[in-house]
Amino acid sequence: MSDEQANPVDVLTTEAGVHEFTQLAELSAALSGRLATWSTDGADPASAGTMASLAARLEEHAGWWRDRIPESVLLEAARSEASDSPRLGEVLARLDVDPADRSAAVVPILDGLVVHLVGLAGRLSPVGDAPARRIVRLVLADLEDRPR
């Protein structure tokens with residue numbers, strides 16, 4: 001089996017996709033909001049440009065992920081269950097740092113997001129999930145110049 005083929009057991013179901021894309025949209029939007037605030041609060045002028053750029057890209061990513069969430073009435077429960085995950089609060093709490101430590105706090109979160117997206121790409125069907133695979137590739141390309 002090539003790296004491009006997912007194990008059939010690991011292939012993303014529609015419900016799992018709703019869960020993934022909802023949480024990715026919420027994470028991207030929340031990170032965008034936090035980084036946008038950091039970019040303009042004057043507490044760390046050295047990172048303001050980087051944070052503003054990341055915020056803009058993450059907000060765009062949030063829209064891309066939202067577009068992947070099916071609007072079917074049959075998936076309403078899956079959307080509700082995936083929304084407002086306690087894990088999102090845990091991730092955002094890791095950003096409660098002194099201004100001088102902001103860039104360092106963002107690094108492991110973005111690195112974790114990249115690792116997650118690489119794993120997600122392996123679970124997406126090359127044919128049936130082609131639009132989602134394209135978004136994963138675009139997001140990964142956008143995050144290539146993230147702080148490290």
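The values are calculated or read from the model by the stated rules, or taken from the named source; none is laboratory data. Computed from a predicted structure; not experimentally measured. We place every Cβ from the backbone using ideal geometry, glycine too, and count neighbours over all the protein chains shown.
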| said: Just the residues that are more than 18 Å from SER83 (Cα to Cα) and either modelled with pLDDT under 85 or acidic (Asp, Glu) (or both), please, taken from region 13-51. | reply: ASP41, ASP44
| request: Find all pairs meeting these conditions: Cβ atoms under 8 angstrom apart; at least six residues apart or on different chains; first residue within region 120-148 and touching a residue at least 60 places away in the same chain (Cβ under 8 Å) and over 19 Å from VAL107 (Cα atoms); second residue surrounded by 14 or more Cβ atoms within 10 Å (Cβ to Cβ) and β-branched (Val, Ile, Thr). | output: LEU120/VAL136; ARG123/VAL11; LEU124/VAL11; LEU124/VAL136; SER125/VAL11
| query | Within region 86-118, which residues are touching an Asp or Glu at 6+ places or on another chain (Cβ under 7 Å) and under 13 Å from LEU24 (Cα atoms)? | reply | LEU88
| query | Of everything in region 41-94 that's loosely packed, with under 12 Cβ neighbours inside 10 Å and of a type in the set (S, T, N, Q), which residue is farthest from the chain's Cα centre (by Cα)? | reply | SER72
| task | Might you check whether a residue that is assigned to a helix (DSSP H, G or I), modelled with pLDDT of 95 or more, exposed (fewer than 12 other Cβ atoms within 10 Å of the Cβ) and within 16 Å of the chain's Cα centre (by Cα) occurs anywhere in region 103-110? | result | yes
| note | Flagged in region 88-128 as over 22 Å from TRP65 (Cβ atoms) and among the small types (Gly, Ala, Ser), in numbering order, are ALA100, SER103, ALA104, ALA105
